[in-house]
Amino acid sequence: QVQLVESGGGLVQAGGSLRLSCAASGSIRNYKNMGWYRQAPGKQREFVATITMTGFTTYLESVKGRFTISRDNAKNTVDLQMDNLEAEDTAVYYCNAYDGEWYWGQGTQVTVSS
């Protein structure tokens with residue numbers, strides 16, 4: 001069972017950038033999908049971005065063109081570059097791995113001030 005640890009969250013002004021990183025305790029090479037989800041106060045957790053074993057990416061419509069997901073199978077990391085951040089992006093961001101079972105990190109807080 002893989003352990004996922006997120007880092008890189010923080011407070012940023014609207015229009016700014018943050019880079020989230022997810023470090024896995026073991027190899028992520030065989031995980032079908034790696035991704036990022038988020039949960040804002042009072043809302044359900046929602047999908048943000050995923051990347052497959054072959055590098056195919058999918059994004060939440062509202063983050064397309066602003067967020068970029070990447071994975072490094074050699075370093076066992078998955079990053080989320082977030083640019084042009086908006087107040088609506090404020091949430092706890094969770095790293096996710098899927099290989100038939102779901103694995104989650106503990107989350108990292110992102111706060112965007114308007």
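Take Tyr59: with every protein chain present and a 1.4 Å probe, its accessible area is about 50 Å². The alpha-carbon positions of the chain define a convex hull whose volume is 92 Å³ per residue.
The values are calculated or read from the model by the stated rules, or taken from the named source; none is laboratory data. The structure presented is a predicted model; accordingly, all values stated were derived computationally and were not measured. These accessible areas exclude ligands, DNA and RNA; they are computed on the full protein's heavy atoms, side chains included. Shrake-Rupley method; radii C 1.70, N 1.55, O 1.52, S 1.80 Å.
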